[in-house]
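The values are calculated or read from the model by the stated rules, or taken from the named source; none is laboratory data. Keep in mind it's a predicted model, so treat the numbers as computed, not measured. Using ideal geometry, Cβ is built from the backbone for each residue, glycine included, and neighbour counts are taken over all protein chains shown. Please note that ligands, DNA and RNA were not included when accessible areas were found on the heavy atoms of the full protein model with its side chains. Shrake-Rupley method; radii C 1.70, N 1.55, O 1.52, S 1.80 Å.
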Amino acid sequence: MTDFSQLTPDSVVAYLASRPALSSLIDAAGIRSIREVGDGNLNLVFIIEDDSGASLVLKQSLPHVRTDPSWPMTRERSAREATVLARHGAADASHVPALYDFDPEHYVLAIENLSDHEVWRNELNSGRTHEYAAAELGRYVARTAFATSPIGLGGIEHKLLLAEAVNPELCEITEDLVFTEPYIDHPHNAVLPANQPDLHAIQGDTELVHEMGLAKYRFMTAAQSLIHGDLHTGSVFVRPATADSPASVRAFDSEFGFVGPTGFDLGALWANFVIAAARAEALGAPDRAAVLLTLPSALLSAFEAEYRALWPRRTDPRVWGDGFLDELLAGIRTDAAVFAGAKAIRRMVGFAKASDIETLPPDAREGAVRGVLHAGRALATSRLRAASATALSSESATLLHAAATPTPA
């Protein structure tokens, strides 16, 4: 019997033939190509195409980090990703890859091949902004948040979903990497020598560390909706509109998903817009940075408009009136800003940094890192002052520009 515990290009065909759910989607007897493309540190990913041109992706979780086999990882994360894809697909199929099959024995997902799309972070790094994607993702977060919350599901179904999607091991990674490690002496932390004073400044900032403690607790306890859990520009595919097809935006790699605070997904994107803007400033493109800093407002405005449009479908209008909706959305906005600050700081200091900044020359990187840390701090402490996304983005622009040490584009 073929061993499918860790797929290889040689075992993929036999695996496809063993899965009846895939027989109508791809011809296992006529496979034209198998490409192992990987997707970072945690998974095996194969793109398979048959002789007719039909294709799909197989994604298998590994029991350890690919680059460090001594770092164990739960393979059950694939089941959590299957849950997120199924639930989010039911709520908003246009913004996630289709889920074709999940094999819990071998931890394999079969999903839609989106090779005609590009990873948004790569596009941003190349100077292609795809501004339309921010509003699309705002609508995606709203639709999935409403559909997987007590407001859209009802109390019993929401509690059952919470149990189904529990993801303690990967949540702990976020709790450590995002909310704890940047603020202590930890081996995951590394910055340029010129940025060491900046790192020491955030670690010694008692107000900031206090806000991170509150944000960590909220992340751990606010079971609002089934969130993606790692929704940054590197986990979004984009495809611009053409004469024959509309623009397409898809969120992928949702293995960190769980029932948590809705604002976390919005904040993760917001942080990455700030990081992309810091890159633009470093490359001497302040006008492009200004465009990028309009995206947080576009994201939140689309989210709120879509959530309000869904509001008449709420499960209990007896006590959840329009005043409640206003307060709910205000709380999500605040969460988004604070989580954006946490995610921005984490990407400058800790493990798995953002390529937007890491690919800059060291002199330019110094100022970009400093600017993101300053902007992240301002976002993280925004709970202490009333400010709109537009005002916060204006503040981010000032801080990024002041810290930049530009290099010619």
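May I ask for the equivalent-ellipsoid semi-axes of the stretch 258-409, computed as the square root of five times each C-alpha gyration tensor eigenvalue and listed largest first in whole Å?
With the √(5λ) rule applied to the stretch 258-409, the semi-axes are 32, 14, 12 Å.
Relative to the Cα centre, what is the charge dipole magnitude of the chain, using +1 at the beta carbon of each Lys and Arg, -1 at the beta carbon of each Asp and Glu, and rounding to the nearest 20 debye?
820 debye
Find the relative contact order for the stretch 98-255 and round it to a whole percent, using C-alpha pairs within less than 8 Å whose residues are 6+ positions apart.
Over the stretch 98-255, the number comes to 30 percent.
Where does the stretch 128-223 land on Rg(C-alpha)/(2.2 N^0.38 Å)? Don't jump to the answer; show the numbers that get you there.
Details: Rg = 18.2 Å, N = 96, 2.2 N^0.38 = 12.5 Å.
Here the Cα radius of gyration is 1.46 times the empirical estimate.
Could you tell me the center-to-center distance, by alpha carbons, between the stretch 301-334 and the stretch 1-70 in angstrom?
Between the Cα centres of the stretch 301-334 and the stretch 1-70 lies a distance of 42 Å.
If I take R0 = 41 Å and measure r between the Cβ atoms of GLU358 and ARG313 in this structure, what FRET efficiency does the formula 1/(1 + (r/R0)^6) give, to the nearest 0.05?
Efficiency, rounded to the nearest 0.05: 0.40.
Please report the equivalent ellipsoid semi-axes of the chain, computed as sqrt(5 x eigenvalue) of the Cα gyration tensor, largest first, in whole Å.
Numbers: eigenvalues 225, 136, 89 Å².
Over the Cα atoms of the chain, the ellipsoid semi-axes are 34, 26, 21 Å.
Of the heavy-atom accessible surface of the chain (probe 1.4 angstrom), what whole percent is carbon and sulfur?
55 percent
Under a 5 Å amide H to amide H cut-off, with H placed in plane at 1.01 Å, what residues pair with THR148 once short-range neighbours are removed?
Those lying under 5 Å, H to H, from THR148 are LEU226.
Starting with the highest mean, order 369-381, 119-131 by the number of other Cβ atoms within 10 Å, averaged over the residues of each peptide.
369-381, 119-131
Which sequence of TYR217, TYR140 reflects their accessible areas, 1.4 Å probe, from the largest down?
So, going from the largest accessible area down, we get TYR217, TYR140.
Under a Cβ-only charge scheme (Lys and Arg +1, Asp and Glu -1), can you give me the dipole magnitude of the stretch 26-171 about the Cα centre, in debye to the nearest 20?
480 debye
Once a ≥ b ≥ c are taken as the square roots of the eigenvalues of the Cα gyration tensor of the stretch 48-179, is the result rounded (a/c under 1.5), prolate (a/b larger than b/c) or oblate (a/b not larger than b/c)?
Judged from the Cα gyration tensor, the stretch 48-179 comes out rounded (a/c under 1.5).
Along the three principal axes, how long is the stretch 229-323 when you take its alpha carbons, biggest first, rounded to the nearest angstrom?
Result for the stretch 229-323: principal-axis Cα extents of 54, 33, 28 Å.
What helices does the chain hold that run 30 Å or longer along their axis, going by alpha-carbon atoms, with a Kyte-Doolittle average of -1.0 or more, using DSSP H for the helix calls? Before the final figure, lay out each step's value.
Details: long enough: 322-349 (41 Å, 0.49).
Helices meeting the span and hydropathy rule in the chain are 322-349.
Got the relative contact order for the chain handy, in percent, Cα pairs under 8 Å and 6 or more residues apart?
Computed value for the chain: 16 percent relative contact order.
Could you do me a favour and compute the accessible area per residue for the stretch 136-197, 1.4 Å probe, result in Å²?
That works out to 43 Å² for each residue.
For the charge dipole of the chain, defined by +1 on Lys and Arg C-beta atoms and -1 on Asp and Glu C-beta atoms about the Cα centroid, which residue among ASN195, GLY38, ALA54 has the Cα displaced farthest towards the positive pole?
Going by the Cα projections, it comes out as ASN195.
So how strong a dipole does the stretch 244-396 carry about its Cα centre when Lys and Arg Cβ are +1 and Asp and Glu Cβ are -1, to the nearest 20 debye?
On the way: 17 positive and 18 negative charges, 66 e Å.
Dipole size: approximately 320 debye.
Counting Lys +1, Arg +1, Asp -1, Glu -1, what net charge surrounds THR74 among other residues with beta carbon under 14 Å of its beta carbon?
Local charge sum for THR74: -2.
Dividing the convex hull volume of the Cα atoms of the stretch 1-126 by its residue count, what figure in Å³ per residue is obtained?
Convex hull of Cα atoms, per residue: 131 Å³.
Given the rule -39500 (n - 2.57) for each run of at least 4 DSSP H residues, summed and divided by the residues of the chain, what is its mean residue ellipticity at 222 nm, to the nearest 500 deg cm²/dmol?
Counting only the DSSP helices, I get -15500 deg cm²/dmol.
Quick query: amide H of ARG32 versus all other amide H atoms, modeled in the peptide plane; which residues come in under 5 Å with a sequence gap of 5 or more or a different chain?
GLU49, ASP50, ASP51
For the stretch 132-289, report the translational diffusion coefficient in µm²/s to the nearest whole number, using Stokes-Einstein at 25 °C, 0.890 mPa s, and a Kirkwood Rh over Cα pairs.
138 µm²/s
From Cα pairs below 8 angstrom and at least 6 apart in sequence, can you work out the relative contact order of the stretch 222-327, rounded to a whole percent?
It rounds to 23 percent for the stretch 222-327.
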